[in-house]
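Colleague: Sharing a structure here in structure tokens format.
What follows is calculated from the coordinates using simple rules that are stated; it is not laboratory data. On a predicted model such as this, the values are computed, not experimentally measured, just so you know. Every residue, glycine as well, gets a Cβ built from its backbone with ideal geometry; the counts of neighbours run over all protein chains shown.
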Ligand SMILES: [Zn+2]
């Protein structure tokens, strides 16, 4: 079957990126109008609402400008939240026919101690233009000194998931973690590649994801679930991790943007284990 006519995945990616600042303004304009409250609960699922609103507003802008793609909210429990489709084309989420790229959306509350959100998809599951979108939000007063507040998106990252995954994986190895190789699968799988190929194991050889090898279960929990923590994944200590961070900061890609985004908002957590000199050096690279 010939590929459908219309924008390439690369063009669709760029279009979604360029519409994002306006879509975030749309989200904040809606929440300040409709979501005003005293108090302001955290951990209530509002992050999920904000994630979806970004997708809907990007989609509205794609539609209003008659751009030849649209965002679809994927049903079911897949990793991805949105799929970018050729507008009005036939679509099969199973085979991905009609799709250009997929989008995974996460959110974090600025005031919360630790984000529970994870980006733990494996590199082999990502295409070069698949998007990771992360929104940071907080309850902000509707105006200075006001008693009522509203959920405001204060900062965000929207970029190539594969580049963030590469950074995440190199730091995982620097932390003593590894990835399952079929030929040496802890489950002794005979099929190559086995279904565990590329599954992350931590420094204690415990699987990080439920889909990892059965023989790598933890004693206390059936899997570790630290892999891909949105802030935690950048936590560095030791020379090799610092060198990796510096290497990615020397690149002009979305891994660099992700480091800048997280460091700007959570510097104390990501660089906490480094010496003053290293922090200074990395700070200079981040700016
Ligand atoms: Zn296996």
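Colleague: Going highest first, how would you order 99-112, 137-150 by mean Cβ packing within 10 Å?
Modeller: So the order, starting with the most tightly packed, is 99-112, 137-150.
Colleague: Further question: So what is the relative contact order for the chain, in percent, with contacts set as C-alpha pairs under 8 Å and at least six apart?
Modeller: 14 percent
Colleague: Build a GNM of the chain with springs between Cα atoms under 10 Å: which of 220, 60, 257 gets the top mean-square fluctuation?
Modeller: Greatest mean-square fluctuation among the candidates belongs to 220.
Colleague: If you take every DSSP beta bridge fully contained in segment 9-161, what fraction is antiparallel? Give it as a percent rounded to 5.
Modeller: Counting DSSP beta bridges with both partners in segment 9-161, the antiparallel share is about 75 percent.
Colleague: Rank by packing, highest mean first: peptides 168-177, 28-37, with packing defined as the count of other Cβ atoms within 10 Å averaged across residues.
Modeller: Put in order of decreasing packing, that is 168-177, 28-37.
Colleague: Further question: Given the DSSP H assignment, sum -39500 (n - 2.57) over each helix run of at least 4 residues in the chain and divide by its residue total; what's the result at 222 nm in deg cm²/dmol, nearest 500?
Modeller: Mean residue ellipticity at 222 nm (helix-derived): -11500 deg cm²/dmol.
Colleague: Determine the distance separating the Cα centre of segment 100-157 from the Cα centre of segment 202-234; give it in Å without decimals.
Modeller: After rounding, the separation between the Cα centres reads 23 Å.
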